């Protein structure tokens, strides 16, 4: 499946059994010798009485990660299409939060992404004091660049840079350098945001463990939260990613972020794991 080009292998481990190893995930993720994906998403039986499923996410490098917004939308449509549930909405448990997924009449999915986290220790991000924006130096092609960004967590760590010319931004070089900065001990997803108006932005995201992807749901949420905190975005924003559009709403600082967007099923198959 894919959500705006952010592509996933969905594994039903409710009616099947499998033992996933990092080595096997690397093999499956190879785009020439495997299936190929940005993440593999695992549907498991619920581990708590107040949820419908457990939701696990593994990057193409084999590492398990905390959250994936585009994947959450695919998750919702997958369990409906596979007949694993008839409930709407559903609640799913990730490593560090519980998400509510609602399948809309037009087939799009709205996801309650939870509240953003700004406490540096919980992002995690090493800094002496919490601030609206931070500055760090990185080395790129032998030159030192000073980067100014917002840092927050949407269940996974994000740094958001505001740029004037998104098309000509060095997304891979800057994203890789900031992702590897020692002040982000767990790495970070790096968003590059160009503001078109208070209600519309363009966004590219360098995802840790995957590189630049065509879309990133948590990255879109983080970008809109960053813009709202800076006073340059309204509470509902159209986010134009390389793979398509998402709508992100954040009505107030104490509220959850809501993401709405489409999904698509590309193919189905059977594999021994």
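Just so you know, all these numbers are worked out from the coordinates, no wet-lab data involved. Computed from a predicted model, the values in this text were never measured in an experiment.
Listing for the model above:
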item	result
MRE, 222 nm, helices only [DSSP H, n ≥ 4, -39500 (n - 2.57), over the chain, to nearest 500]	-4500 deg cm²/dmol
Relative contact order [Cα under 8 Å, 6+ residues apart], the chain, whole percent	19
Average Cα contact separation per residue, region 203-273, under 8 Å, 6 or more apart, as relative contact order %	23
DSSP beta bridge pairing in region 36-178, given as percent antiparallel to the nearest 5	95
Cα point-scatterer Debye curve for region 2-113, base-10 log of I(q)/I(0) at q = 0.09, 0.13, 0.19 Å⁻¹	-0.22, -0.45, -0.97
Folded to 0 to 90 degrees: helix 217-229 orientation relative to the chain principal axis, Cα	40
Counting DSSP beta bridges with both ends in region 2-113, the antiparallel % (nearest 5)	70
Region 120-255: C-alpha gyration tensor shape, a/c 1.5 cut-off, then a/b vs b/c	oblate
Share antiparallel - DSSP beta bridges, the chain, percent rounded to 5	80
The chain: angle of helix 69-81 to the longest principal axis, Cα-based, in degrees nearest 10	20
Pairwise Cα inverse-distance average, inverted: Kirkwood Rh of the chain (Å)	18.8
Mean separation of Cα contacts under 8 Å (6+ apart) over length of region 2-113, as relative contact order %	22
